[in-house]
Amino acid sequence: MIGAKQCLRVMVMMTALMAALGFASRASAEPYLAAQMGLKCMQCHVNPTGGGMRTVFGNAFAQTQLAAKKIGGDDDLWTGQVMKFLSVGGNARANYTYVDVPHQDATNEFEMEEARAYLDFGVIPNRLSVYIDQRFAPGNSTNLEANVRYWIQENALYVKAGRMYLPFGYRLEDDNAFVRQVSGINMQTPDEGVELGMEHGNWSTQFALSNGSGGGPENDTGKQLAARVEFVQSVWRLGASALYNDTDAGNRSGAGLFGAFRVGAVTLLGEVDYIDDQSIGVDGRKLMASLAEADWKIRQGHNLKLAFEWFEPNRDVDEDEQTRASLLYEWSPIQFVQLRGGVRLYDGIPQNDNQNRTQAFVQLHGFF
């Protein structure tokens, strides 16, 4: 039987092998890909704020630019459109994870992180559509998005209503990132409401009014407002976010800044968020989180990611900060397949062993 430490050594060797393959010659659904190409999120995703189903362009990019090699000819290019008024897509992620917590036995396990399918019914192409994002695993089937989107002006002004991901900061693949946990807005916490979006030149702007219940049943009369604005250039971008949630338990407000800058083959990404949550405890709590990330496109199909995160869970308490450092290698050998391997190092208060854990993983990601 293979032990946990032996499994970790195998994972490190696999990651090193992936890196070696990337360096053998001269020496992308994440925000760094958009920043790398100088594009808006809506260029590759049906959702103007990113994430979820890919557009025809997004599918073409995955096959011709993201993958190291494309199998098949131009006639085999997958667009996602199975008929004139219907497009489909999906994601599946399977992981092997090793976790070492101080003063505890290390654990390792295989898990199905997610399997989800997307449907987009374009009843009036490029103007009116009904969109569904359904997660089938793990556990029971769960609806993450179900909304109708109407482009009042094609590719310029839209309104969306139903169940949706809210606009705030970067829509990261890793929902455990500190900035996504602090804001409470990520791809595991959709909400029900209405969103107005505007796309004008280099500007991308969204305003959403929702229940503010994280997708659960509404239990008070208050509502949540989330807003996001971004200015996009070919080599840099800068944006700001804001939220306000009126609840009986206490109001929650926040603001954030995010941006990116490309230097040759390296894309730098950053975000900082501040949250004032009056629903925590008697006097409320002020929280902050930040993310700094660098993505190096070593060559087509190979990306090296280095990230550092900082989290302040309570501004009124000294020396309670937490950090997380991540080193990941992403290899896309052929279209619609990505192998990711990496290590994450957590550092927090010494009294909390879980805040000082080490995590390593290998993930096989299939998407279309």
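The values are calculated or read from the model by the stated rules, or taken from the named source; none is laboratory data. Computed from a predicted structure; not experimentally measured. Using ideal geometry, Cβ is built from the backbone for each residue, glycine included, and neighbour counts are taken over all protein chains shown. Ligands, DNA and RNA are stripped out before the accessible areas are found, and what is left, the full protein with its side chains, is counted by its heavy atoms. Shrake-Rupley method; radii C 1.70, N 1.55, O 1.52, S 1.80 Å.
Here S204 passes the criteria (1) in contact with a Leu (Cβ under 9 Å, 6 or more places away or on another chain); (2) within 23 Å of V272 (Cβ to Cβ); (3) among the polar types (S, T, N, Q) except the one numbered (1). Anything in the stretch 175-200 that is open to solvent by 30 Å² or more (accessible area, probe 1.4 Å) and in contact with a strand residue (DSSP E or B) (Cβ under 9 Å, 6 or more places away or on another chain)? List them, or say none. Scanning the stretch 175-200 gives N176, Q181, G184, Q188, E192, V194, L196, M198, H200. When the criteria are applied in full, Q355 meets the requirement of being in contact with an Asp or Glu (Cβ under 8 Å, 6 or more places away or on another chain), buried (at least 17 other Cβ atoms within 10 Å of the Cβ) and assigned to a helix (DSSP H, G or I).
Got a sec? Which of S141, S87 is over 30 Å from F231 (Cβ atoms) and small (G, A, S)? It is S141.
Here is the figure for the stretch 291-313: residues that are in a loop (DSSP other than H, G, I, E, B) and either at pLDDT below 95 or in contact with a Phe, Trp or Tyr (Cβ under 7 Å, 6 or more places away or on another chain) (or both) total 1.
Within the stretch 78-102, residues that are under 18 Å from R116 (Cα atoms) sit with their Cβ atoms under 6 Å from residues that are assigned to a loop (DSSP other than H, G, I, E, B), at 6+ positions apart or across chains, in these pairs: S87/G80; G89/M53; G89/G80; G89/F368; G90/F368. Restricted to the stretch 99-145, and to residues that are touching a strand residue (DSSP E or B) at 6+ places or on another chain (Cβ under 8 Å) and of a type in the set (S, T, N, Q), which residue is most open to solvent (accessible area, probe 1.4 Å)? Here the residue is N126. Of the residues contained in the stretch 72-92, none is found to be touching a Cys at 6+ places or on another chain (Cβ under 8 Å) and open to solvent by less than 40 Å² (accessible area, probe 1.4 Å).
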